[in-house]
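To keep things clear, I will list the structure first and then write my remarks on it.
Bear in mind these aren't lab numbers, they're just calculated from the coordinates by the rules spelled out. Just so it is clear, the structure is predicted and the values come from calculations on it, not from any experiment. As a convention, Cβ positions derive from the backbone with ideal geometry for all residues, glycine included, and neighbour counts pool all protein chains shown.
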Amino acid sequence: MAPADVLMVGTGEYTTGFVGGTASTSDKKVGVVGLTLFDLRRRGKVDKLSMLVYADRDKKKKGKHLQTNISDVYNGLDVSFESYPADDKVDPSAYKAAIDALKPGSAVTIFTPDTTHFEIALYAIRRKIHVLITKPATKLLGDHLELLEESRKHNVFVFIEHHKRFDPAYSDARNKAQKLGDFNYFYSYMSQPKSQLETFKAWAGKDSDISYYLNSHHVDICESMVPEYTPVKVMASASKGAAIELGCVEETEDSITLLVEWRKKEDPSKTATGVYTASWTAPQRAGVHSNQYFHWMGSKGEIRINQAKRGYDVTADEEGLVWYNPFYMSYAPDEEGNFGGQRGYGYISFEKFIEAVTALNEGSVTLDRLDQRGLPTLKNTIATTAILHAGRISLDELRSVEILREGETWSLK
């Protein structure tokens, strides 16, 4: 069977490294999604590629950016793609025509503002198109559950791009946690510099918040580490001021902390506490783009991981001291001059999605089997969406929110 065609919806920082008419100032200057898929096409794992250049009037500049920073760097790597909508149009509903142009069994990647994930994914699923969604899957628990129901109905694979599951340290920690007794405590912190508020100014504080954007990483990691536990209550707290001074809307929080009570499914007398903090007002020159660490404690041991500084730093006159993370995406060419970052967990995340799509199309695997592999599927990430949604309600209504679960039925109270 031929490899799947892939449509990229949303072509900003994460997909192309090009945002606001120029190259990103983050650690994703040439993007992740586009580069990975161009290389997967070179390796014969995907076929035709297309992009929805969403609300971007300067497509020629974006094409030149890809040519200069990817093709010219990696042995003339083919960066061609079919573009939607037509070059002279800006159409927010253009994703429909782009998806309609795909044949069943193709795939779509969705890297757009959080509020748009549900409608784009649902449209694709109902046309038997496999879907990869950037985290969070959806803002609302009900939308997540509807996507799960529809994906089962149409036998479509939906993968949430929780790449931290494939970070080798996090993956190893998840395995070791199983031998350290009952879950007791989890604390995580993740931040990005204030410059991200400029990157995300179109939606920051208006359509979504920093908890959906960054807490989603560690809430998902925690969920994957403690499958025998379920979240039952969420209380959220936030700080404000810095983002507003930078021109964001009044609703924009600087940092958000979620306090979550977890309960063991088979023994409700055993409970645990999760604390997840995220911020996008960190210092501009902190040496890392993303601070990221967590502390997990069980009844028989504990785990601490700090993934911000990995023992690799570079000092230059202009940039100063910088800690890099090539374990996520390594942009160095291989010995033949081709892109050589296939072992980065950012790349692996997409490759696992494509491999699952191919296997499902061939009939060699089922959706249930993919869930059992522990991949970040819709079924395996319900608790994460429930926690993030409950956190937003807690902030808006100044109260704790219960997460109710009876079998496969989830709701918030």
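Could you rank the peptides 44-52, 361-369, 31-39 by their average count of other C-beta atoms within 10 Å per residue, with the highest value first?
On the way: 44-52: 19.3, 361-369: 13.2, 31-39: 25.3.
Going by the mean number of other Cβ atoms within 10 Å, highest first, we get 31-39, 44-52, 361-369.
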3J(HN,Hα) from dihedral phi, the stretch 119-127, Karplus parametrisation 6.51/-1.76/1.60, rounded to Hz, x for glycine, proline: 5, 5, 4, 4, 4, 5, 4, 5, 10
Taking only Cα atoms of the stretch 257-315, radius of gyration then Dmax in Å: 16.1, 52
Order of Glu245, Glu223 under a 10 Å beta carbon neighbour criterion, fewest first: Glu245, Glu223
Whole-Hz couplings from phi, Karplus 6.51/-1.76/1.60, listed for the stretch 106-118; x for Gly and Pro: 6, 9, 9, 9, 10, 10, 10, x, 3, 5, 9, 4, 4
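What 222 nm value per residue comes from the helices of the chain, counting each DSSP H run with n ≥ 4 as -39,500 (n - 2.57) and dividing by all residues, nearest 500 deg cm²/dmol? It would help to have the intermediate numbers written out before the result.
Details: 13 runs with 120 residues, N = 413.
Theoretical 222 nm ellipticity from helices: -8500 deg cm²/dmol.
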Calculated from backbone phi, Karplus (6.51, -1.76, 1.60) coupling profile of the stretch 401-413 in Hz, x at Gly/Pro: 10, 8, 10, 9, 9, 10, x, 9, 9, 10, 7, 10, 9
Value of relative contact order over the stretch 317-413, rounded to a whole percent, pairs C-alpha under 8 Å and six or more apart: 11 percent
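From the Cα gyration tensor of the stretch 154-276, with a ≥ b ≥ c the square roots of its eigenvalues, which class applies: rounded if a/c is under 1.5, or else prolate if a/b is larger than b/c, or else oblate?
Details: a/c = 2.16, a/b = 1.69, b/c = 1.28.
Prolate is the answer for the stretch 154-276, as a/c is 1.5 or above and a/b outweighs b/c.
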Given charges at beta-carbon only (K, R positive; D, E negative), |dipole| of the chain in Debye: 600 debye
Mean separation of Cα contacts under 8 Å, 6 or more apart, over the residue count of the stretch 330-378: relative contact order %: 17 percent
Under-5 Å amide H pairs with Thr281, H placed in peptide plane, nonlocal only: Gln192
Rounded if a/c under 1.5, otherwise prolate or oblate - the stretch 103-142, Cα gyration tensor axes: prolate
Selected from Gly274, Leu180, Ile210, residue furthest toward positive end of dipole (the chain; charges at beta carbon): Leu180
Greater than 20 Å apart at Cα, pairs in Lys64/Lys135; Lys139/Lys233; Lys135/Lys206: Lys64/Lys135
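Exposure proxy check: Lys300, Lys240 ranked by fewest other beta carbons within 10 Å? Please list the in-between numbers first.
Working: Lys300 10, Lys240 17.
Exposure proxy ranking, most exposed first: Lys300, Lys240.
With contacts defined as alpha carbon pairs under 8 Å and 6 or more residues apart, what's the relative contact order of the chain in percent?
Numbers: 831 pairs, mean separation 71.3, N = 413.
This gives 17 percent for the chain.
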Euclidean distance between Cα centres, the stretch 352-382 to the stretch 164-239, Å: 22 Å
Partner aspartates and glutamates for Lys240 [C-alpha distance under 15 Å; skip if fewer than 8 residues away on the same chain]: Asp209, Glu250, Glu251, Glu253, Asp254, Asp396
Three-way shape call for the stretch 265-374 based on the alpha-carbon gyration tensor, with the a/c threshold at 1.5: oblate
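Taking the number of other C-beta atoms within 10 Å as the exposure measure, put Asp114, Asp5, Asp220 in order starting with the fewest.
Working: Asp114 22, Asp5 19, Asp220 26.
Ascending number of Cβ neighbours within 10 Å: Asp5, Asp114, Asp220.
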